[in-house]
Amino acid sequence: MAANEFLEHRLASEAAPAPKQKSIVRRVFWTTTALTGTFYVGSTFVSFNNQTYYDVFSEHVPLGQSMLEYAEAHGWDNLTVDDVIEFSTETFITTYSFFSDMIKKVTGEAEEVKEEAEKKVQSVKAAATKAIKPAPKPAEKASPPPASAKTAPKPAVQPDAKVEPVTSTVKKVSPDLEELVARAEAAIAGKPYPGDTQASSSQPTSDILSDPQVYTAPLPLGFEPPPGYSRPQPPKKTQTKPAEQAEKKEEAKPVVLPLVAPAVSSFTESEPIISHLAGTIDNLASYLATNPAAASKATDVLETAKKDLTSLADRFEKVREDERVALEAKLDEQTREYTIKLLELEMEAQDKLDSQQEDFKKVFDEERVKIIQAYREKLENELRTQTELINERLKEEVIAQGIELQRRWIRDIKVRVEQERGGRLAKLDELSADLKRLERIALDNANYLDDNIRIHALWSALRALNSSAISSPVRKPFREELRVLRHITAAREDPVVAAALDSLEKTDVPDVGIEPFADLSTWFTSEVSPKVSEVALVPDENAGVLSYLASRALSGLRFKRHGLVSGDDVLSVLARAEYYLNEKDLDSAARELNQLQGPAKVLLHDWLEAARKRLEVQQALEVVQTQATLASLLVV
Amino acid sequence: MSKPSSSEDILGQKYDRCLADLLVKSGVGFSVGVVASVIFFRRRTWPIALSTGFGAGAAYADCDRSFNPARIPGTRVLSQNEAATLQGNKSN
């Protein structure tokens with residue numbers, strides 16, 4: 001008792017803070033584990049699909065490399081969605097079979113427990129009857145034990161879940177029976193420990209509602225709950241109900257026992273035995289209530305109850321067995337079904353693969369045949385075109401040869417015709433050549449005539465100019481004659497003549513004319529020569545008036561020289577000039593006189609100028625005359 | 001002849017002008033000498049001769065200059081030979 005209390009206390013004190021912390025820690029732990037697991041597994045799959053992520057994962061994530069190695073060793077990288085589905089199906093089937101095994105086992109255990117509990121109940125009953133028998137009369141005393149006895153079997157009948165609450169009530173009601181109950185509990189199962197029962201008994205209702213130990217009580221599939229308990233979805237109700245019921249019963253004991261039948265009337269249809277049992281209990285209760293002294297007679301009632309309970313247990317067992325059989329059958333059927341399906345799928349896949357392969361082969365053969373045909377066609381086409389080309393070329397060559405032959409024949413014919421026609425044509429050609437020659441001659445003659453006429457004109461102009469300029473007895477201008485001569489010579493384009501006439505035309509000589517040779521000669525001998533001889537003795541420089549006067553005075557005393565005399569003095573030069581003038585050589589006379597220096601040259605200036613002009617004109621005319629002579633010579 | 005002024009007549013013209021000039025200047029000198037001798041020198045002859053000589057001298061100088069314009073008092077015109085010898089002396 002004390003130990004129990006201590007245990008209770010301790011568990012209560014420990015249990016109060018524990019769940020919260022534990023739950024938080026656990027939640028964190030599970031969450032972390034799940035997240036980490038998900039991350040690693042997911043990362044592995046992602047990295048098999050993504051190369052960059054693979055690198056990152058293997059290099060930077062701790063344990064990533066080993067994870068990937070593990071995954072590769074187990075062939076995750078070849079894993080597909082179908083594999084996963086298959087695997088999950090297998091897992092499901094395995095799990096299912098495992099659970100069904102478990103259920104079987106549990107059911108077996110439960111049955112054992114039940115048997116034990118029944119034994120216990122019987123022993124308890126026996127004890128209770130014994131206890132009741134020694135104290136039959138005192139109603140106040142006796143009333144609690146039967147109640148407890150009555151309640152005791154109930155939890156015993158309930159295989160797992162309802163033991164604790166009932167025990168708690170029992171504990172409350174009769175501490176004497178506590179030991180007995182504890183023993184019964186210990187017998188009921190190895191799992192519901194007395195400690196836990198007691199710990200949970202401290203907070204019965206709440207523990208019942210959310211007790212983790214409920215897992216011991218989960219109903220096997222297809223099993224009915226114990227009498228008085230339906231299978232309502234919210235377990236709260238079902239569990240509160242019995243508690244209430246029990247409480248009610250316990251509370252009613254001293255006062256009025258409520259009728260159980262109406263309370264369980266809702267089950268009468270589904271479970272007639274329960275309603276029957278309830279009726280029996282009610283009967284017992286009413287009997288006890290009406291006749292407390294007749295508690296001893298309650299044995300019959302109890303017997304009845306026991307019988308009922310046995311039948312109930314039998315029924316339960318039968319039902320359970322049925323359910324199990326049904327479930328197993330179902331499971332087997334399902335397994336078969338799935339296996340068949342799997343096989344079918346495999347076969348289908350195999351068929352599909354085969355058919356695909358055949359299709360591919362067929363397609364490949366067809367393609368090959370097609371390609372071969374296409375190539376053959378191409379080859380034939382090419383051959384055809386080649387033969388066509390060659391034929392065309394041959395045709396062309398034949399045509400070309402024909403043309404060549406034709407041409408040769410034509411040439412031969414032509415040659416013949418030419419030979420025939422040769423004589424006449426040659427004569428004609430000769431005639432035309434003669435005509436051309438004649439024409440040429442005529443043209444040449446015309447040119448010749450033209451040239452002659454031109455030269456004649458030139459000569460005429462030249463003679464006119466000569467007569468008017470040089471050989472005229474008086475000085476007269478000859479511009480007109482010069483112009484005519486220039487026009488005539490311009491047609492001949494003789495550069496020499498043109499130059500000579502140009503130089504002559506530029507000066508004013510043609511306007512004033514030139515002195516006749518007779519005039520020049522007379523001018524020299526009568527005027528120039530005596531005056532020059534008077535200054536013959538004057539020095540070239542620094543000659544004063546006295547030297548002039550002396551020279552003039554002495555000139556009268558000197559001998560006059562004549563003829564072609566040698567000497568550089570003025571008088572000798574004058575004699576030579578006079579001689580040349582007598583020889584009509586104006587050029588030489590002018591050359592001689594041009595050598596004089598000093599005052600003599602000054603005196604000779606005008607005469608020399610006139611002589612030079614005449615000589616220039618004479619020279620130009622001589623050039624023109626020479627050219628004219630040359631031209632006339634060329635023409636002839 | 002038909003030519004009024006020809007190059008061979010230059011000398012004659014010069015002679016003519018010199019003579020005219022001499023006559024004029026001698027006459028002026030003579031008359032000045034006569035007046036001077038009558039007025040200042042109580043009819044002596046030498047003033048007349050002197051002034052006539054002045055006039056004739058001036059006429060001669062002018063005539064000489066007309067024949068040789070390069071003759072200027074204090075200067076001498078060198079001939080080419082003289083100039084060459086002078087150059088040779090200078091360089092030596």
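The values are calculated or read from the model by the stated rules, or taken from the named source; none is laboratory data. Here the structure is a predicted model, which is why all the values come from computation and not from measurement. For the accessible areas, the whole protein counts, side chains as well, though only heavy atoms, and no ligand, DNA or RNA atoms are used. Shrake-Rupley method; radii C 1.70, N 1.55, O 1.52, S 1.80 Å.
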Hey, what's the Kirkwood Rh for the stretch A:443-482 if you take every pair of different alpha carbons, in angstrom? 11.4
If I ignore ligands, DNA and RNA and count only protein heavy atoms, how much of B:Cys18 is accessible to a 1.4 Å probe, in Å² to the nearest 10? 20
What one gets for chain B as the Kirkwood radius, inverse of mean 1/r over different Cα pairs in Å, is 16.5
Interface A:B - total buried accessible surface [probe 1.4 Å, Å², rounded to 100]: 1700
Rank these residues by their accessible area, most exposed first, probe 1.4 Å: A:Lys560, A:Lys584, A:Lys613. A:Lys584, A:Lys560, A:Lys613
Relative intensity, log₁₀ I(q)/I(0), of the stretch A:510-636 from a Debye sum that treats every alpha carbon as a point, q = 0.09, 0.12, 0.14, 0.23 Å⁻¹: -0.33, -0.53, -0.67, -1.33
Suppose all protein chains stay in the model; what accessible area per residue would a 1.4 Å probe give for the stretch A:54-116, in Å²? 69
With the solvent-accessible surface defined on protein heavy atoms using a 1.4 Å probe, which residues belonging to the stretch A:597-614 display a reduction of at least 10 Å² in accessible area in the multichain context relative to the isolated chain? A:Val602, A:Leu603, A:Asp606
Given 4 °C, 1.567 mPa s and a Kirkwood radius over Cα pairs, the Stokes-Einstein diffusion coefficient of the stretch A:589-636 in µm²/s is 102
Need one number for the stretch A:461-555: average projected area of the convex hull over its C-alpha atoms, nm². 8.8
So which aspartates and glutamates can A:Lys104 reach, going by Cα to Cα under 15 Å and dropping same-chain residues fewer than 8 places off? A:Glu112, A:Glu317, A:Glu321, A:Asp322, A:Glu323, A:Glu328, A:Asp332
For the stretch A:325-333, in residue order, the Karplus 3J(HN,Hα) values (coefficients 6.51, -1.76, 1.60; θ = phi - 60°; whole Hz; Gly and Pro = x) are 4, 4, 4, 4, 4, 4, 4, 4, 4
Share of accessible surface on carbon and sulfur in the stretch A:354-430, whole %, 1.4 Å probe and ligands ignored, is 55
If I model the stretch A:272-347 as equal point scatterers sitting on the Cα atoms and use the Debye formula, what is log10 I(q)/I(0) at q = 0.11, 0.16 Å⁻¹? -0.51, -0.70
Losing no less than 50 Å² of accessible area (probe 1.4 Å) relative to the isolated chain, the residues of the stretch B:5-25 are B:Ser7, B:Glu8, B:Leu11, B:Tyr15
Quick check of the Kirkwood formula: for the stretch A:372-435, what is the inverse mean of 1/r over all pairs of different Cα atoms, in Å? 16.4
List the residues of the stretch B:52-87 that lose 20 Å² or more of accessible area once all protein chains are present, compared with their chain alone (1.4 Å probe, heavy atoms only, no ligands or nucleic acids). B:Tyr60, B:Asp64, B:Phe67, B:Asn68, B:Arg71, B:Val77, B:Ser79
If you take the Cα atoms of the stretch A:554-593, find Rg, then find the Kirkwood Rh from the mean of 1/r over all pairs, what is Rg/Rh? 1.00
